[in-house]
Structures are given as C-alpha cells and as structure tokens.
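Written below as structure tokens is the structure these notes are about.
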Amino acid sequence: MPPLRRALSTRTVPFFFALFPLLLLLLLALFALRALNRSPARRERSEMRTLVLNAGYEPLAVVSFKRALVLVMNQKATVVAIDPDHPVWGISESFERPSVILLTRYVRLPRGRTVPVSRRGVLRRDMHRCGYCGKTATTIDHVQPRSRGGADSWENLIACCLRCNNVKGDRTPAEMGWSLRLTPRVPHDASWVVRGVETAQPEWQDFLAPAA
C-alpha cells in the first residue's frame, strides 16, 4: 500500500469514531421529534373544534378552530366562549381560541330534517339508562318485538340493560307486567342534527339543549 493511502486509511478510523456520538445524538433527536408529533397532546390540539351557533343560539355546526377564526375575523361571527387552556399561537403573539361562536346573521335551515335512528342515538336519548329497570344500559330493545311487527323506529326502541333484554325476550312489556320509565320519542332539538356534538367540550354544555 502506498504511504499516502496508508496514512489516509489510518486517519479515517479515528475520524469515524469522533463522529459516532454526533450521529447517535442526531438519531435520538429524530426519534424524540417523531414521538412528540404522535403524543396525545399534539393529537388533542389537532382535533380542537368550535361549536357554531345560529343567530338564534341554536347549535348549527361543528367546525375547526381555524375556520372559526376566519368567521370571526371576517365579522361573520362573534366569540361567545373561549378555551383558555389552548390558546392559538401566532408568530409574535397568541390569540384566545374560540370554543363557541355566534353567527351575526341568521341561517335558515331546511325543514323536515330527520334524525336517523341508531343504537348509539337511542342510548344517548335515554341517557344510557334502561327503560325498564333504570340501571345502566348497554344495548337497545324493541318495545314491540320485531318478530311481531315491531318497527326499527325511535318510538319502538328503548335503551335496555342485558338482564332485562334477556328476560323480556320475544314478549311485550304488557305481557311481562312491566311499565316503561319513559316514553320513547323522536329527538327534535337542533343538537341532534349537528354532527360532532356527541363528544361535546365542557364549554358547549350551556348551549346544547337537553336531549328530548
């Protein structure tokens, strides 16, 4: 091996070991950055939403806080409630993040909007309480059994615990000698039509009408 090549090869090994700690630190920093991006706090900030109220204070929609800020800055809405724990950070200052905004002009909604019946909806309407015994409900039951002509409707479905569901079986409450603790009805208030209010934020509670 020529002397010059031998000298370069002997210098390469110490140089590599000198760079190894720096490369290791760089890799650790990259892994830490990826973990930060996937952290629950980061996901929570990315999922921040704002409740939009019609000019009559009826729940109208759920939008991202960025869309809410645009509506406020364009004077199409005013801030009713804020989320003090999650401000919006700009380049040189921070802004209060709107949690609830109120439109300055009334938006007319189409009439005849119906709420599709669902298992989750029935449980929510009945506040997860069994319509027969009042205990915690995890399923739903047809008041008039489906095998006997009972419909899949709001008026014929009720939240039910597993025990009452198994005991009742294919019979009616009258045949069991049971009485309903509530009258199943179609929910009508606007909060049922707005998607996203099922996971409402604390600041929304005062503006969401109780389930019918």
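Taken together, the values in this text are just the output of simple stated rules run on the coordinates, not laboratory data. Bear in mind that the values here come from a model prediction, so they are computed numbers and not experimental data. Note that we place each Cβ from the backbone using ideal geometry, even for glycine, and neighbour counts take in every protein chain shown.
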What FRET efficiency comes out for the pair Ser118/Ser92, r = Cβ-Cβ distance, R0 = 41 Å, nearest 0.05?
0.30
Please compute the length gained on full extension between Ser147 and Val70, using 0.36 nm multiplied by the number of residues separating them and subtracting their Cα-Cα distance.
22.4 nm
